[in-house]
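Student: I am attaching a structure below and will ask some questions about it afterwards.
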Amino acid sequence: MRGIMLVLLNRLIITIFISIFSISSFAEEMNTNYLKTKWSFKGVFGTFDRASLQRGYQVYQEVCAGCHSVQHLSYRNLSEKGGPEFSVEEAKAIAAQFEVEDGPNSDGEMFMRPGRLSDKFVKPYPNVEASTAANGGAYPPDMSVLAKARAGGADYIYSLLLGYEEAPEGFELDEGVYYNKYMPGNKIKMSAPLMDGIVEYADGTEATTAQMSKDVTAFLVWAAEPHLEAQHRMGFKAIIYLFVLLTLVYMSKQKVWSRFGSKEEPEEETFDRAERVVTKYEGEDPKTFK
Ligand code: HEC
């Protein structure tokens, strides 16, 4: 009985050890349906590629911002740790490119002024109805949490941006609707937003459609999870903690069980020993204890 328990206990400890390790190294679901690309932010050690996030911001701003808002982001987020990490000066300059409504002033009137770090990203349309009306009845979703809201996350957005194709023979498409391999139902009311060279990257990277798709997707993942890196660091600490704890548990288990001698000891003999102890103590025939 004790032998079995010991084996089970050892197995349990080994299983926990292995699962901690596998969680830390393969902590992402594999989805075979989407286009594959390597994301630097996946896994417990994942961090964002700063240059890619900065390029992603550029793509968002120059291409997507005409239709899609990211209402939760403020310009100051652009210079915060764990994000694109523009310098504070750069973020200020970016904010100042936009006109923001402020007020009322002392005359009770609203006025426009250049954006500041504390301002939210300027929206392309004042409300959902206006954006829907301007896009032929389709609402360009706000991008603050899009990467989290859609099943498939980064892989889905990346694939969607690269998934425009000729519709197959006989596939009906209305005016203003496009065929996309990765959109549920294959119909999307957004024409392909990217084409090679549509932006000129400030850092000289070649702006292929795939490169821009990757950069803007990384940017949207960060927009949806600005604290991803901090969370990964926490996760890593938790794993170290569990690891240390488990080592201590294992060591104390070894110590406790060593009092019972080796685990190969046959059942009967141990029982004998118990009997002998009892006999010696009570000075009686052990059989009477059965
Ligand atoms: C001309 C306006 C316009 C531009 C520019 C634009 N989009 Fe869209 N986008 C839309 C509209 C409209 C929809 C809604 C489509 C639908 O519901 O069929 C949409 C939907 C999407 C979706 C969501 C698909 C889903 O699952 O619902 C993603 C992702 C997306 N756009 C990404 C981008 C990215 C990234 C860019 C910039 C590279 C961009 N869009 C540029 C209008 C635009």
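Student: Using R₀ = 35 Å, calculate the FRET efficiency as 1/(1 + (r/R₀)^6) where r is the Cβ-Cβ separation of Ser118 and Lys36; round to 0.05.
Tutor: 0.35
Student: Starting from the eigenvalues of the Cα gyration tensor, five times each then square-rooted, give me the equivalent ellipsoid semi-axes of the stretch 109-199, largest first, whole Å.
Tutor: With the √(5λ) rule applied to the stretch 109-199, the semi-axes are 30, 17, 13 Å.
Student: Evaluate the distance, in nm, between pseudo-label points positioned 7 Å from the Cα of Met5 and of Ser87 along their respective Cα→Cβ axes.
Tutor: So the two model labels end up 6.7 nm from each other.
Student: Taking the chain as the reference, fit the longest principal axis to its C-alpha atoms, fit the long axis of helix 2-25 to the helix C-alpha atoms, and give the angle between the two in degrees, 0 to 90, nearest 10.
Tutor: 20
Student: Give me the net charge for the shell around Ser69: Cβ to Cβ below 11 angstrom, other residues only, Lys and Arg +1, Asp and Glu -1.
Tutor: Once positives and negatives cancel, what remains is +1.
Student: Under a Cβ-Cβ cut-off of 13 Å, what is the net charge of the residues other than Arg113 that fall near it, where Lys and Arg count +1 and Asp and Glu count -1?
Tutor: -4
Student: Also: How long is the gain from Phe260 to Glu101 if the chain were fully straight, where each residue apart is worth 0.36 nm and the alpha carbon distance is subtracted?
Tutor: 49.4 nm
Student: Please give the contour-minus-distance gain from Ala192 to Lys148: 0.36 nm per residue of separation, less the Cα-Cα distance, rounded to one decimal in nm.
Tutor: 13.7 nm
Student: Another one. Å³ per residue of the Cα convex hull, for the stretch 1-149?
Tutor: In the stretch 1-149, the Cα hull volume divided by residue count equals 222 Å³.
Student: Same structure again: If you take every residue apart from Ser87 with its C-beta less than 13 Å away from the C-beta of Ser87, what net charge results, scoring Lys and Arg +1 and Asp and Glu -1?
Tutor: Value of the local net charge: 0.
Student: So if I restrict to the alpha-carbon atoms in the chain, what is the Rg, and what is Dmax, the biggest pairwise distance, in Å?
Tutor: 30.8, 107
Values quoted throughout were computed directly from the atomic coordinates according to the rules given, and no laboratory measurement underlies them. Computed from a predicted structure; not experimentally measured. Neighbour counts run over all protein chains shown; Cβ positions are idealised from the backbone, glycine included.
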